[in-house]
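Trainee: My structure is below; once you've seen it, I'll send some questions.
The values are calculated or read from the model by the stated rules, or taken from the named source; none is laboratory data. Values in this document were obtained by computation on a predicted structure and should not be read as measured data. So basically every Cβ, Gly included, is an ideal-geometry build from the backbone, and we count neighbours across all protein chains shown.
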Amino acid sequence: MSAISDQLAAEALKAQTVSNDGVTVSRRSLTELMEYEKHLAAKAATADMGATVRGMVSKIVAPGGH
């Protein structure tokens, strides 16, 4: 996750658009990058939650069924 945080910090220092010889290049907005970081964090949390639930379900034993 730190790689994306590092990317956000680096992108904050760069210009939003650059023009040279009639060619204009635009960067993604910081808002989009922050939303992407939130998406990845939520995706990782969901994956961890799924593993936790699977671990809990596999340990459920029916009454009297050891």
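Trainee: Going by the conditions given, is ALA15 at pLDDT below 85, in a helix (DSSP H, G or I) and of a type in the set (A, V, I, L, M, F, W, C)?
Mentor: Answer is no for this residue.
Trainee: Give the residues of segment 38-62 that are modelled with pLDDT under 85, within 14 Å of the chain's Cα centre (by Cα) and not hydrophobic (A, V, I, L, M, F, W, C), sorted by residue number.
Mentor: Answer for segment 38-62, where residues must be modelled with pLDDT under 85, within 14 Å of the chain's Cα centre (by Cα) and not hydrophobic (A, V, I, L, M, F, W, C): LYS43, THR46, ASP48.
Trainee: If you don't mind, another one. How do the pairs read when you match residues in segment 6-19 that are more than 15 Å from GLU32 (Cβ to Cβ) and among the small types (Gly, Ala, Ser) with residues anywhere that are modelled with pLDDT of 75 or more and not in a loop (DSSP other than H, G, I, E, B), using Cβ under 9 Å and keeping only pairs 6 or more apart or on different chains?
Mentor: SER19/VAL25
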